[in-house]
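S.K.: This structure is in structure tokens; I'll ask about it shortly.
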Amino acid sequence: MGKIDVVKIRCGNEKLRGGASAGMMDDFIRLPYHIYKDCPQYVPDLENDICNLFNQKKNPAYEFSQIQPFVAYRDKVAVGRIVGIINHKANEKWQKRNVRFSMIEFIDDPSVSKALIEAVSQWGLSQGMDTIHGPLGITDFDKEGMLVEDFHLTGSMNTIYNPEYYPRHLEALGFEKEVDWLQVRINIPKEVPARYARTAQYAREQIGLRVVKLTNDDIYRRGYGQKVFNLLNEAYQPIFGFSELSPAQIDDFLDKYLRLIDKQLIPVVVNAEQEVVGVAITMGCLSHAMQKAKGRLWPFGWWPLLKTLKWHSEDNAEMLLVAVRPDYQGLGVNALFFDDLIPIFNKFGFRWAETGPQLEDNVRELSQWKPLKPEFVKRRRCYTKKI
């Protein structure tokens, strides 16, 4: 078998000019189609989103991060890829010198996975880092955590799916567990459980909280989009690896994503002073639509996505994130979310729902699902290793 060559992709400009880099970026983007060609559980990313990740003009995270993609070749054929990320804001916050690895994909060959990890490790060393960990994105809102269980379950647009052999390769390279996340899967009840209904009533009557639904004007003209993400920054401060979103990143998230989601599925809790103290962002599941789009919106990929977003054609929902202002945690905000969303999920025909990854040691967060008889699925892991 031929030698493995890991090559840096020169990026950072709008069109990745300079033929070699453009060709390598194509290899980077298309490698998963080879690895997952017979895998019905895999959900592809949109190719344009991947390109924008490496575009300094379009990715505001370059203000505080270094991002370096690599492609591994054997006999001029792409056999692996990886991204090295140094989030200087997170390293400063957590007093670390970490280089993150992300978007790792490789064929089932230990020499390939080893070469990819060594490439990011050496790049990290050259930038003064002493530890490599991942998979992690730039921020906590990116995909994170390598799947280590439940490979038979279909992935989602906001989580990593990977073959079963990936964790074995990392462990053989000396990586150890840093943290694990779990996802919560629930069947949607026909009625709001009594515990949630009572607590929601108490929160409304005794604390003065209420659920509102924002319009696009509220979000983009009246500043509520910024308020929601400022709340996320505040609520997520203690979470593993978190670094707060900058104003430019918030604008980027608002422009890309929030405009598309049905606002009925985004309950926002305000107090008597009209301050935003809680938000839950949910949507109809896009997994099948993303699979049909095959990574491209044009010429036909937009239709399955629009169909799912507008007409809620799937039978399950994705509960992307929940955030409560620290001083309002334990005061019934989560019950207000459930009290609001369960009737809407039933109206849209959602039979079950799944959360995003939640840290396994966040007992308070995980215990809130108990009245809904949750199933904990899709354990995923952040691995770590000294360089």
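S.K.: For GLN66 paired with LYS96, estimate the spin-label separation in nm (one decimal), with each label point 7 Å from Cα along the Cα-to-Cβ line.
M.R.: 1.7
S.K.: Using the Cα centre of segment 268-387 as the reference point, and only Cβ charges (+1 on K/R, -1 on D/E), how large is the resulting charge dipole? Debye, rounded to the nearest 20.
M.R.: Working: 17 positive and 13 negative charges, 177 e Å.
My answer is approximately 840 debye.
S.K.: Where the accessible area of the chain is counted over protein heavy atoms with a 1.4 Å probe, how much of it, in %, is carbon and sulfur?
M.R.: On the way: 9120 of 17850 Å².
With neighbouring chains kept in place, the figure for the chain is 51 percent.
S.K.: Once every DSSP H run of n ≥ 4 in the chain is given -39500 (n - 2.57) and the sum is divided by its residues, what mean residue ellipticity at 222 nm do you get, rounded to the nearest 500 deg cm²/dmol? Walk me through the numbers on the way to the answer.
M.R.: Working: 13 runs with 126 residues, N = 387.
Rounded to the nearest 500, it is -9500 deg cm²/dmol.
S.K.: I've got another one for you. Roughly what would the spin-label model give for LEU125 and ALA248, points 7 Å off Cα along C-beta, in nm?
M.R.: With each label point 7 Å from Cα toward Cβ, the separation is 3.2 nm.
S.K.: In whole Hz and in residue order, list the ³J(HN,Hα) couplings for segment 112-126 that follow from phi through the Karplus curve 6.51 cos²θ - 1.76 cosθ + 1.60, θ = phi - 60°; x for Gly and Pro.
M.R.: Here the 3J(HN,Hα) series is 6, 4, 4, 5, 5, 5, 5, 5, 5, 4, 5, 5, x, 4, 5 Hz.
S.K.: Apply the Karplus parameterisation 6.51 cos²θ - 1.76 cosθ + 1.60, with θ equal to phi minus 60°, to every residue of segment 343-354 and state each ³J(HN,Hα) to the nearest whole Hz, in sequence, with x for glycine and proline.
M.R.: Using θ = phi - 60°, the values come out as x, 5, 4, 5, 4, 7, x, 6, 8, 8, 8, 9 Hz.
S.K.: Please state, to two decimals, what the Cα-based radius of gyration of segment 287-387 comes to when divided by 2.2 N^0.38 Å (N = residues). Spell out each step's value before the answer.
M.R.: Numbers: Rg = 17.2 Å, N = 101, 2.2 N^0.38 = 12.7 Å.
Dividing the Cα radius of gyration by 2.2 N^0.38 Å gives 1.36.
S.K.: Looking at the chain as a GNM with Cα springs under 10 Å, which of PRO267, PRO299, PRO60 has the largest mean-square fluctuation?
M.R.: Most flexible of the set in this elastic network: PRO299.
S.K.: Near the amide H of LEU359, under 5 Å away, which other amide H atoms are found, from residues 5 or more places off or on another chain, if H is placed in the peptide plane?
M.R.: LEU182
S.K.: Additional query: Among the lysines, select those whose C-alpha is under 19 Å from the C-alpha of LYS370, and discard any that sit fewer than 8 residues away in the same chain.
M.R.: Correct list for LYS370: LYS190, LYS378.
S.K.: I need to check one value: relative contact order of segment 136-291, counting alpha carbon pairs closer than 8 Å and at least 6 residues apart, in percent.
M.R.: On the way: 127 pairs, mean separation 37.5, N = 156.
Taking the mean separation of contacting Cα pairs over the length of segment 136-291, I get 24 percent.
S.K.: Within straight cross-link reach of LYS76, meaning Cα distance under 13 Å, which aspartates and glutamates are found once same-chain residues fewer than 8 apart are removed?
M.R.: By straight Cα distance, LYS76 reaches ASP5, ASP27.
S.K.: Determine which residues of segment 70-97 fall in the zone a paramagnetic label at LYS256 would reach in this model, i.e. backbone nitrogen under 17 Å from the point 7 Å along Cα→Cβ.
M.R.: 83-87
S.K.: While we're looking at this one, here's another question. Assuming 0.36 nm per residue, please report the length gained on full extension of the stretch TRP303 to ARG351 beyond their Cα-Cα distance.
M.R.: On the way: separation 48, 0.36 × 48 = 17.28 nm, distance 2.32 nm.
Computed gain between TRP303 and ARG351 is 15.0 nm.
S.K.: OK, next. What angle, in degrees between 0 and 90 and rounded to the nearest 10, separates the Cα long axis of helix 19-35 from the longest principal axis of the Cα atoms of the chain?
M.R.: 60
S.K.: With an 8 Å Cα cut-off and a minimum separation of 6 or more residues, compute the relative contact order for the chain in percent.
M.R.: Details: 723 pairs, mean separation 84.5, N = 387.
With pairs under 8 Å counted, the relative contact order is 22 percent.
S.K.: What is the extension gain from LYS263 to ILE239, computed as 0.36 nm multiplied by their sequence separation minus the C-alpha to C-alpha distance, in nm to one decimal? Walk me through the numbers before you get to the answer.
M.R.: Working: separation 24, 0.36 × 24 = 8.64 nm, distance 2.64 nm.
That pair, LYS263 and ILE239, stretches by 6.0 nm at full extension.
S.K.: Does a label point 7 Å from the Cα of TYR165, set along Cα-to-beta-carbon, have any residues of segment 105-144 with amide nitrogen under 20 Å, and which are they?
M.R.: Label zone hits: 105-119, 135.
S.K.: Which of the peptides 360-372, 39-51 is most tightly packed, and how do the rest follow, judged by the mean count of other Cβ atoms within 10 Å per residue?
M.R.: Averaged packing, sorted descending, gives the order 39-51, 360-372.
S.K.: Set Lys and Arg Cβ to +1 and Asp and Glu Cβ to -1, take the dipole of segment 273-385 about its Cα centre, and tell me which of PHE345, THR308, VAL363 lies farthest positive.
M.R.: THR308
S.K.: Please work out how much length the chain gains when fully extended from VAL212 to THR154, using 0.36 nm per residue of separation minus the C-alpha to C-alpha distance, in nm with one decimal.
M.R.: Numbers: separation 58, 0.36 × 58 = 20.88 nm, distance 3.25 nm.
Computed gain between VAL212 and THR154 is 17.6 nm.
S.K.: How large is the dipole of segment 125-229 about the Cα centre if only Lys and Arg carry +1 and Asp and Glu carry -1, each at its Cβ, rounded to the nearest 20 debye?
M.R.: Rounded to the nearest 20 debye, it is 920 debye.
S.K.: Using modelled amide H (1.01 Å from N, peptide plane; none on Pro or chain starts), what sits under 5 Å from the amide H of PHE151, excluding residues fewer than 5 places away?
M.R.: Amide H neighbours of PHE151: none.
S.K.: If you bin the C-alpha pair distances of segment 124-223 every 5 Å from 0, what whole percents do you get?
M.R.: 2, 8, 12, 12, 12, 12, 12, 11, 9, 7, 3, 0
S.K.: Which distance in nm do the two modelled labels at TRP311 and ARG204 give, with both placed 7 Å along the Cα-to-Cβ direction?
M.R.: According to this spin-label approximation, the distance is 3.3 nm.
S.K.: Sticking with this structure for a sec: Quick one: pull the percentage of alpha-carbon pairs in the chain with a separation above 27 Å. Don't jump to the answer; show the numbers that get you there.
M.R.: Values: 37854 of 74691 pairs.
Percent of Cα pairs beyond 27 Å in the chain: 51.
S.K.: Moving to a separate point now. What shape does segment 323-372 have by the C-alpha gyration tensor, where a ≥ b ≥ c are the square roots of the eigenvalues, rounded means a/c under 1.5, and otherwise prolate means a/b greater than b/c and oblate the rest? Don't skip to the answer; put the middle values down first.
M.R.: On the way: a/c = 2.39, a/b = 1.43, b/c = 1.67.
Oblate.
S.K.: Send over the Kirkwood Rh of segment 206-319, from the inverse of the averaged 1/r over different Cα pairs, rounded to one decimal Å. It would help to have the intermediate numbers written out before the result.
M.R.: Values: mean 1/r = 0.0637 Å⁻¹.
So the Kirkwood estimate lands at 15.7 Å.
S.K.: Show me, for segment 161-178, the HN-Hα J-couplings you get by feeding each phi into the Karplus relation (A = 6.51, B = -1.76, C = 1.60, θ = phi - 60°), rounded to Hz, glycine and proline as x.
M.R.: With the stated coefficients, segment 161-178 comes to 10, 8, x, 5, 7, 4, x, 4, 5, 5, 5, 5, 8, x, 6, 10, 5, 9 Hz.
S.K.: GNM, the chain, Cα, under 10 Å: largest mean-square fluctuation among GLY223, GLY295, GLY332?
M.R.: Of GLY223, GLY295, GLY332, the most mobile in the Gaussian network model is GLY223.
S.K.: Among SER121, SER246, SER113, determine the one that fluctuates most according to a GNM of the chain built with springs between C-alpha atoms less than 10 Å apart.
M.R.: SER246
S.K.: Sticking with this structure for a sec: What lysines does LYS58 reach when the alpha-carbon gap must be under 23 Å and sequence neighbours fewer than 8 apart in one chain are set aside?
M.R.: Straight-line reach from LYS58, under 23 Å: LYS8, LYS15, LYS89, LYS143, LYS227, LYS256, LYS294.
The values are calculated or read from the model by the stated rules, or taken from the named source; none is laboratory data. Predicted model only: the values in this text are computed from it and were never measured. Positions of Cβ are generated from backbone atoms using ideal geometry, with glycine treated the same way; all protein chains shown enter the neighbour counts. Heavy atoms of the whole protein, side chains included, go into the accessibility calculation; ligands, DNA and RNA do not. Shrake-Rupley method; radii C 1.70, N 1.55, O 1.52, S 1.80 Å.
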